[in-house]
Amino acid sequence: MKQLKRPDTIVLASRNSNKIEELHAILREIGIKIKSSLDFPQLNEVEETADTLEGNAYLKALYTFESTGLPSLADDTGLEVEALNGRPGVKSARYSGEKATYKSNMYKLLEEMELHENRRAQFRTSLVYISEEGSLVFHGVSKGVILREPKGDKGFGYDPVFMPDGMDKTFAELSAEEKNKISHRARAVQEFVRFIKSIKK
Ligand code: IMP
């Protein structure tokens with residue numbers, strides 16, 4: 001990796017408006033212009049064919065960087081459940097099959113977990129930044145438990161069944177500001193922000 005330059009603009013390699021909003025809210029403070037894949041209609045969907053979160057984030061960031069010529073940031077997140085030996089993990093988006101929805105995935109998880117007393121789980125995010133100077137990886141983890149039924153209607157994905165440690169609310173019962181202080185993605189992005197702030201102008 002060459003000496004990293006402070007970017008003027010970063011492209012978030014995502015079309016997921018929930019994610020873009022979450023990332024945008026945190027990145028706003030560093031005064032860098034933020035775009036997303038939604039600003040580049042010519043971009044195709046990147047198939048997540050790697051078998052690790054980091055590998056998939058790398059594929060998305062590289063494609064976006066090569067297509068736009070702009071520094072790009074991509075994340076990949078998985079829910080790792082102890083009683084399921086780390087599943088659904090890298091397969092969290094397609095857990096209940098090719099036509100999976102947030103709801104079908106969540107109910108499949110509740111079903112699989114029905115007989116398990118150990119409810120421990122964690123969300124893990126890998127964030128990959130690619131610019132002309134090279135690539136960097138950042139990580140964020142949020143630990144908690146899987147409830148027996150959904151609670152709350154905010155957020156997305158598995159949020160209604162995930163209660164982070166130290167809270168008596170699920171991610172889906174927290175406001176965006178509250179989730180952004182403690183979420184896996186927020187922690188990874190905060191690590192990235194610290195790094196950007198450390199670059200001398
Ligand atoms: P992605 O590939 O990073 O978009 O994440 C894979 C899957 O993990 C998504 O389809 C969601 O089901 C789930 N997921 C990712 N981030 C979150 C989150 O912050 N809360 C709940 N579920 C999430």
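Tell me which residues, restricted to region 5-23, are surrounded by 17 or more Cβ atoms within 10 Å (Cβ to Cβ) and of a type in the set (Asp, Glu). Matches in region 5-23: Glu22 only.
Say whether the condition of being part of a loop (DSSP other than H, G, I, E, B), under 22 Å from Val193 (Cβ atoms) and open to solvent by less than 30 Å² (accessible area, probe 1.4 Å) is met by at least one residue in region 97-116.
no
Residue pairs whose Cβ atoms lie under 9 Å apart, sitting 6 or more positions apart in sequence or on different chains, and linking a residue in region 49-64 that is on the phi < 0 side of the Ramachandran plot to a partner that is surrounded by fewer than 18 Cβ atoms within 10 Å (Cβ to Cβ) and assigned to a helix (DSSP H, G or I), are Thr49/Gly55.
In region 150-163, of all residues being surrounded by fewer than 21 Cβ atoms within 10 Å (Cβ to Cβ), more than 21 Å from Glu114 (Cβ to Cβ) and not aromatic (Phe, Trp, Tyr), the one that is farthest from the ligand (Cβ to nearest atom) corresponds to Asp153. Among the residues of region 1-25, those identified as modelled with pLDDT of 90 or more and not in a loop (DSSP other than H, G, I, E, B) are Thr9, Ile10, Val11, Leu12. Contact map, region 174-187: residues that are of a type in the set (A, V, I, L, M, F, W, C) paired with residues that are open to solvent by 70 Å² or more (accessible area, probe 1.4 Å) and within 11 Å of the ligand (Cβ to nearest atom), Cβ distance under 8 Å, separation 6+ or inter-chain. Pairs shown: Leu174/Lys154; Ala176/Lys154.
Of the numbered criteria (1) modelled with pLDDT under 95; (2) assigned to a loop (DSSP other than H, G, I, E, B), the one Arg148 fails is (1). For region 179-196, the set of residues classified as of a type in the set (S, T, N, Q) and under 14 Å from Arg28 (Cα atoms) consists of Asn180, Gln190, listed by residue number. Considering only residues of region 138-149 that are open to solvent by less than 70 Å² (accessible area, probe 1.4 Å) and over 21 Å from Glu111 (Cβ atoms), which is nearest to the ligand (Cβ to nearest atom)? The selected residue is Ser142.
If the condition is being within 13 Å of the chain's Cα centre (by Cα), without any contact (Cβ under 8 Å) to a residue 40 or more places away in the chain and within 13 Å of the ligand (Cβ to nearest atom), then region 17-38 contributes Ser17, Ile20.
For the condition over 18 Å from Leu79 (Cβ atoms) and of a type in the set (A, V, I, L, M, F, W, C), what is the one hit in Leu136, Leu147, Leu174? From the options Leu136, Leu147, Leu174, the qualifying one is Leu136. Scoring Ile130 on the criteria (1) within 15 Å of the ligand (Cβ to nearest atom); (2) hydrophobic (A, V, I, L, M, F, W, C); (3) touching a Leu at 6+ places or on another chain (Cβ under 8 Å) leaves a single failure, condition (1).
The values are calculated or read from the model by the stated rules, or taken from the named source; none is laboratory data. Remember, it's a predicted structure, so these values are computed and weren't measured experimentally. Positions of Cβ are backbone-derived with ideal geometry, glycine not excepted, and every protein chain shown enters the neighbour counts. Just so you know, the surface numbers come from the protein's heavy atoms only, side chains and all, with ligands and any DNA or RNA stripped out. Shrake-Rupley method; radii C 1.70, N 1.55, O 1.52, S 1.80 Å.
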